[in-house]
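Laboratory data are not the source of any read-out in this text; all were calculated from the coordinates shown. Everything numeric in this text was worked out from a predicted model, so none of it was measured. Here the Cβ positions follow ideal geometry from the backbone for every residue, glycine too, while neighbour counts run over all protein chains shown.
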Amino acid sequence: MGQGATWINAVIGAVITLGLSFTGISPLLGGGVAGYLQAEPPARGARVGAISGGLPTIPLFLIVVLGFVLFAAIPTGFSFLGGLELVVIFVVMLPMMLLWFVGLNAAGGYVGGCLHMET
């Protein structure tokens, strides 16, 4: 939207990231658009890209928490394996998801900032 409109550009990048989630490169595209729209040097484009990567993780985290609540509400008998699966999800998968979205959006934001500087 213009220079200095960090949150607006981050929201636009987050919407693009979620809208193109059927592709494998949606975080790169969303971060790239946010970094390009920021119209600042690549380091600031990477920052707005990282912010646009953090925004889509909020609904995904809420969906995982909802799954945790629904899974915890179902009695499993005497097995402790259900608890182990939840620990793996929360300790391994959620940080990986956060790194995936934020990292690739930041990289896309850096590239978008570079593209804006070249044009």
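Remarks
- Cβ-Cβ under 6 Å pairs, at least 6 apart or on other chains, the stretch 54-72 side within 18 Å of residue 104 (Cα to Cα), far side of a type in the set (S, T, N, Q) and in a helix (DSSP H, G or I): 56/17
- Pair list, Cβ < 8 Å and 6+ apart or interchain, from the stretch 9-32 residues that are in contact (Cβ under 8 Å) with a residue 40 or more places away in the chain to residues that are assigned to a loop (DSSP other than H, G, I, E, B): 9/1; 12/1; 29/20; 29/23; 30/20
- For the stretch 2-39, taking the residues that are of a type in the set (S, T, N, Q) and part of a helix (DSSP H, G or I), the one that is surrounded by the fewest Cβ atoms within 10 Å (Cβ to Cβ) is identified as 6.
- Picking from residues in the stretch 94-119 that are assigned to a helix (DSSP H, G or I) and among the β-branched types (Val, Ile, Thr), the one that is farthest from residue 34 (Cα to Cα) is 102.
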